[in-house]
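Reading through the structure tokens given below for one structure.
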Amino acid sequence: MNTTRSDLTAALKNPLFRRIGELGDEMQMPVYVIGGYVRDYILTGAPKKDLDFVVVGDVIPFVEELVRRLGVRQYHIYRNFGTAMLHYRGFILEFVGARKESYARNSRKPRVEPGTLEDDLKRRDFTINTLALGLNQEHFGRLINPFNGLKDLHDRIIRTPLDPDITFSDDPLRMMRAVRFATQLDFDIHPQTLEAVGRNRERLQIVSPERIIDEFNKILLAERPSKGLKLLFETGLLDQFLPELSALQGVEEYEGKTHKDNFFHTLEVVDNIARTDTEGNLWLRWAALLHDIGKPASKRYHPKNGWSFHGHEFLGGKMVPRIFRRLHMPMHRDMKYVQKLVQLSSRPIALTEEHVTDSAVRRLIMDAGDELEDLLLLCEADITTKNPVRKKRYLANLQAVRQKIKEVEERDRIRNFQPPVSGELIMKTFGIPPSKTVGEIKDAIKEAILEGEIRNDFDEAYRYMLRLGKEKGLEIKEK
Ligand code: ATP
Ligand code: MG
């Protein structure tokens, strides 16, 4: 980690910082770069593309002048909030006037008045985010470190600059941010800060679902999401917005028989997905997170066979839209994708058990469509057994399913299957109106293809249709 003075001036190599500092000098306003940029630079030595600045004084005229000088074309100035956002040469610059905040009990929107740099640093969430670098000539590159954030950065600790109960009660979103930073950076939350999260967990109710999910998604997209998911569970935050997931926790024992803890199993599955899916497919991670969500409601005990969760995929699939709607998440494509994966999550494994037949594989290909590859990834991630012999066997079985899929696909072109004979053609051929009979013929053709009785091509399907029509006593009106 670089912490010497000269290294920190190196953080300001981009001439942009000098120009902003010069403007500060001319307008006689102290200006600092702060937050994530300083934190991540000290941590990794890599400059990031989003920059947060604090200006002590009237920030709006400062930003207006900066926009003019740099010739910035894309920017937003929020006069009411005293903040601004500029897009400049691939950077995103955010400005805020140094401020003092006071909070009302029922809202996370503070009353704001102008303040000193010190006031502004106090209102920030964590000590590691209070580090500021001076940009004016007089203090260019000087590190401002009033809450010893530098030491916490060294020790890899998340801690609030003020009494954590006040910090979290003022803006409960900060509790989600604590877990998010701990997960992204692989830091620990200071014990007193962590206890305060537990105490204030119910305050999360005043935060909008969008903001909660924004932080939660960052946790899911981290390298090892289980770290954050465990923290959310242990502090009771998870219960505030996703109680269905905490309900998976626990092992029940009856007549000496137990089942696995589905919460900790789920965390392993999410971590496994994070390991294979390094691109960061958020919705695949959601699918991993929710793949067993129907288990508590479908849990049964049979004296002979022990614990079972029959139909949990179907139940889980029904829960997905409810969860998405409640959390204001995207209801169309993304929800449907997650729902589909949850519903199909046991299918490939079930295939291996009943021996992989052609028709079962065809059905799977058709039902999974474009999601087939992701479904197989999810199934592989789902294998969390600690028994090495079993693990090897499951993986080999899935490999056999993959091979079979390849063979069947090459032969039958069945993905995103549409029957080769359309309803219109059936109606035209037999001169009948839209009716149940049309649907029956169409389904029977589809079944015959899936069962391998006829091939997936037009001629065979057409001949089969004529045969079905005859059986139903229909006359051929048009060939
Ligand atoms: P990253 O950009 O990597 O998420 P960041 O620290 O830059 O990290 P931002 O959300 O961009 O995070 O916020 C910039 C700075 O504003 C933070 O470093 C922190 O000092 C402060 N901040 C942001 N949100 C809050 C909040 N809810 N409460 C207090 N301070 C906050
Ligand atoms: Mg930032």
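The values are calculated or read from the model by the stated rules, or taken from the named source; none is laboratory data. Since the model is a prediction, treat every value here as computed from it, not as a measurement. All Cβ positions, even for glycine, are placed from backbone atoms using ideal geometry, and neighbour counts span all protein chains on display.
Values for this structure:
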item: Pair list, Cβ < 8 Å and 6+ apart or interchain, from the range 16-45 residues that are at positive phi to residues that are among the charged types (D, E, K, R) and within 11 Å of ligand 1 (Cβ to nearest atom); result: 35/52; 35/124
item: Residue, nearest to the chain's Cα centre (by Cα), within the range 366-394, restricted to residues that are charged (D, E, K, R) and outside any helix (DSSP H, G or I); result: 382
item: Positions within the range 280-309 being assigned to a loop (DSSP other than H, G, I, E, B), closer than 20 Å to residue 246 by Cα and not β-branched (Val, Ile, Thr), in sequence order; result: 291, 292, 294, 299, 309
item: Sole residue being of a type outside the set (Phe, Trp, Tyr), in contact with a Phe, Trp or Tyr (Cβ under 6 Å, 6 or more places away or on another chain) and either without any contact (Cβ under 8 Å) to a residue 60 or more places away in the chain or in the same structural domain as residue 49 (by TED's automatic domain parsing) (or both), chosen from 114, 110; result: 110
item: Some residue of the range 160-178 being away from ligand 1 (no atom under 13 Å from the Cβ), on the phi > 0 side of the Ramachandran plot and either in contact with a strand residue (DSSP E or B) (Cβ under 9 Å, 6 or more places away or on another chain) or not in a helix (DSSP H, G or I) (or both); result: no
item: Members of the range 18-34 that are buried (at least 22 other Cβ atoms within 10 Å of the Cβ) and either among the hydrophobic types (A, V, I, L, M, F, W, C) or in contact with an Asp or Glu (Cβ under 7 Å, 6 or more places away or on another chain) (or both); result: 20, 31, 33, 34
item: Exclusive hit being within 16 Å of ligand 2 (Cβ to nearest atom), basic (Lys, Arg) and within 30 Å of the chain's Cα centre (by Cα), set 159, 89, 174, 108; result: 174
item: Per-region count, the range 30-69, residues in contact with a Leu (Cβ under 8 Å, 6 or more places away or on another chain) and away from ligand 2 (no atom under 16 Å from the Cβ); result: 9
